[in-house]
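Enquirer: Quick one: this structure, given as structure tokens, is what I'll be asking you about.
The values are calculated or read from the model by the stated rules, or taken from the named source; none is laboratory data. What you see is a predicted model, and the numbers here were worked out from it, not measured in a lab. FYI the Cβ positions are ideal-geometry reconstructions off the backbone, even for glycines, and counts take in every protein chain you see.
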Amino acid sequence: MQCIFIKASNAGAVVKLVSQSRDQNSKADSQPVRIWSNKAKTIQGLQAAYIASGLASNKNFNLKVFGPIVFQIDSLGKFNPPTKKYPAEIYTVQWEGIAEVLSESRIILTTNGRSRFFVDANQNGVFEFEEEYENGWNTKEGINLATSKKLAPGDYPIMIQYQSRPENAQMSMMASPGAVPYKDFEGNQLDLHPWLGKRIALLTMEDHHDPQLMAEMVEQLDSAYEFYIKILGREPGLHIVYNGLAVIAEVPSTCGYGCGMLGNTGIELAIPAFKEILAEFEESRAIGSLPIYELGRNFWFYSDKFSCRGWKADTGAAFASSMQLLYYSKPDTKHAKDVENIHSLIRNALAAYEKGLKTPSTISARPIVGMILALQNEYGGEKFAARFWQAMSQQLTAKTPQDCLQNFARAASSAAQTNLTDLLNTRWNLQISEKTEVEIERQLQFALVMP
């Protein structure tokens with residue numbers, strides 16, 4: 001791969017653009033893409049413009065109107081804008097030039113800040129909508145990765161826009177014949193192959209998969225992602241993204257069979273897990289349960305409301321399981337067998353809790369899932385789930401197991417639109433306090449008088 005590493009100092013005084021090959025012994029002629037400042041291809045590098053303001057927050061900004069200082073990249077690829085006039089806290093750098101593609105390649109941009117790039121793929125002299133590759137442009141942070149479509153040999157105008165972060169700003173551009181770079185949760189650098197949807201970027205170890213099969217798989221993952229948004233009313237933080245899409249990556253190993261970031265995008269599936277999911281999908285055209293469950297990790301926003309020290313219940317796992325089952329209950333999914341198997345485990349766990357000592361301080365995740373599902377069945381299904389989790393996000397911070405139980409009662413009563421205190425205490429001995437019962441009653445009365 002050809003690499004162009006761009007680093008901006010936190011003082012805002014120096015921005016360097018250095019071109020080098022990953023293989024220092026390789027010859028220039030073997031590189032798939034060369035970068036030039038001019039159409040004549042006589043000056044290597046990119047032409048840069050630097051302004052003391054941000055583009056992402058003001059779409060009406062125009063670099064030329066605001067009079068940028070234009071620097072011609074020299075052989076060392078350095079330029080030094082005035083520090084006082086261009087502070088590090090907010091600035092935008094724009095690089096422009098020509099990408100000379102020598103063999104079929106993708107152009108890849110990686111950054112830890114806000115950026116985007118354009119490739120004039122149809123070579124008509126205009127950067128069109130479909131030629132823009134968003135790379136965290138509308139977010140404040142995250143590990144962002146964007147790649148162009150495959151480009152045939154030829155000369156393509158390119159433009160990169162990068163808006164600063166206060167410190168450690170850095171960006172790299174690479175050219176690859178197909179795979180894209182990915183750094184896994186364990187810190188290993190991999191080259192993976194992207195399959196893109198509207199919400200999800202699925203990155204796989206191999207590229208020989210049936211394109212139609214992969215398109216259908218990603219479409220179902222998109223559907224699951226949008227289902228989570230519909231129920232919960234929000235999206236995860238953009239932590240690991242590719243072309244602005246949430247990443248699900250096949251990797252040699254991760255923290256288990258599958259591993260999802262909590263409250264943020266980023267899911268990894270170990271190779272054996274992905275192969276099983278792929279084989280199952282090829283046979284049934286139905287996504288297996290693991291990625292749907294791990295999406296629950298990405299959408300887990302309630303750790304400060306519904307989990308606490310001293311409580312054995314893994315409420316994050318309970319949430320992921322309940323959302324997984326809610327998604328599978330949709331009429332257009334093909335998971336009757338999976339749903340029944342999981343429901344059986346949940347029912348048995350809740351029954352064991354109900355027949356036992358009913359000690360909420362030692363309850364595990366499965367009985368909690370059972371309680372949530374039971375309430376969903378009695379008080380409105382998807383509508384109950386949406387109201388429950390959105391109400392949970394409004395609860396007080398939980399510091400003790402008892403706090404978590406009170407939050408559960410308040411959120412469940414709000415979702416059911418009736419005071420569930422007696423039911424929760426009688427049926428499951430959740431030890432909901434009289435104070436909480438009074439609070440719930442007041443909230444419900446207030447809700448009734450609201451327009």
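Enquirer: Which condition does Leu232 not pass, out of (1) at pLDDT below 90; (2) under 26 Å from Lys330 (Cβ atoms), if it passes all the others?
Expert: Here Leu232 meets the rest and fails (1).
Enquirer: Also, quick follow-up: Would you mind stating whether Leu145 is farther than 28 Å from Leu192 by Cα and either at pLDDT 85 or above or surrounded by 12 or more Cβ atoms within 10 Å (Cβ to Cβ) (or both)?
Expert: No.
Let's see how each residue does on (1) within 21 Å of Asn348 (Cβ to Cβ); (2) in contact with a Gly (Cβ under 7 Å, 6 or more places away or on another chain); (3) crowded, with 22+ Cβ neighbours inside 10 Å:
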{"site": "Ala365", "(1), (2), (3)": "yes, no, no"}
{"site": "Ile368", "(1), (2), (3)": "yes, no, yes"}
{"site": "Glu378", "(1), (2), (3)": "yes, no, no"}
{"site": "Arg387", "(1), (2), (3)": "no, no, no"}
{"site": "Ala391", "(1), (2), (3)": "no, no, no"}
{"site": "Thr400", "(1), (2), (3)": "no, yes, no"}
{"site": "Gln406", "(1), (2), (3)": "no, no, yes"}
{"site": "Ala412", "(1), (2), (3)": "no, no, yes"}
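Enquirer: Restricting attention to segment 419-451, which residues are loosely packed, with under 13 Cβ neighbours inside 10 Å and among the hydroxyl-bearing types (Ser, Thr, Tyr)?
Expert: The one that is loosely packed, with under 13 Cβ neighbours inside 10 Å and among the hydroxyl-bearing types (Ser, Thr, Tyr): Thr426.
Enquirer: I'd like the residue in segment 188-208 that is part of a loop (DSSP other than H, G, I, E, B) and at pLDDT 90 or above and, out of all such residues, is surrounded by the most Cβ atoms within 10 Å (Cβ to Cβ).
Expert: Arg199
Enquirer: Additional query: Can you run down the residue pairs with Cβ atoms below 6 Å, 6 or more apart or on separate chains, where the first is in segment 179-192 and in the same structural domain as Thr204 (by TED's automatic domain parsing) and charged (D, E, K, R) and the partner is at pLDDT 95 or above and surrounded by fewer than 17 Cβ atoms within 10 Å (Cβ to Cβ)?
Expert: Every condition considered, no pair remains.
Enquirer: Quick check, is Ile292 in contact with a Phe, Trp or Tyr (Cβ under 7 Å, 6 or more places away or on another chain) and either in contact (Cβ under 8 Å) with a residue 40 or more places away in the chain or farther than 18 Å from Gly381 by Cα (or both)?
Expert: Judged against the criteria, Ile292 is a match.
Enquirer: Tell me which residues, restricted to segment 403-422, are more than 18 Å from Phe301 (Cα to Cα) and touching a residue at least 40 places away in the same chain (Cβ under 8 Å).
Expert: Residues satisfying the conditions are Ala416, Leu420.
Enquirer: Right, another one. For Glu134, are the conditions met, namely being modelled with pLDDT of 80 or more and more than 25 Å from Lys41 (Cα to Cα)?
Expert: When the stated conditions are applied, Glu134 passes them.
Enquirer: Looking at (1) farther than 29 Å from Gln395 by Cα; (2) surrounded by fewer than 18 Cβ atoms within 10 Å (Cβ to Cβ); (3) modelled with pLDDT under 95, find the lone condition where Ile271 falls short.
Expert: (3)
Enquirer: Shifting gears a bit: Which residues, counting only those in segment 390-430, are small (Gly, Ala, Ser) and either in contact with a Cys (Cβ under 6 Å, 6 or more places away or on another chain) or over 24 Å from Ile229 (Cβ atoms) (or both)?
Expert: Ala398, Ala409, Ser413
Enquirer: While we're on this one: Consider only pairs whose beta carbons are under 7 Å apart and that are at least six residues apart or on different chains; among these, list those whose first residue lies in segment 342-353 and is outside the structural domain of Arg366 (by TED's automatic domain parsing) and among the small types (Gly, Ala, Ser) and whose second residue is modelled with pLDDT under 90 and outside any helix (DSSP H, G or I).
Expert: Short answer, once both residue conditions are applied: none.
Enquirer: List the number of the failed condition for Ala270; all other conditions in (1) of a type in the set (A, V, I, L, M, F, W, C); (2) in contact with a strand residue (DSSP E or B) (Cβ under 9 Å, 6 or more places away or on another chain); (3) in contact (Cβ under 8 Å) with a residue 24 or more places away in the chain hold.
Expert: All conditions pass for Ala270, except number (3).
Enquirer: Suppose we keep only residues that are among the small types (Gly, Ala, Ser), modelled with pLDDT under 95 and part of a helix (DSSP H, G or I) within segment 280-319. Which one would you say is surrounded by the fewest Cβ atoms within 10 Å (Cβ to Cβ)?
Expert: Ser284
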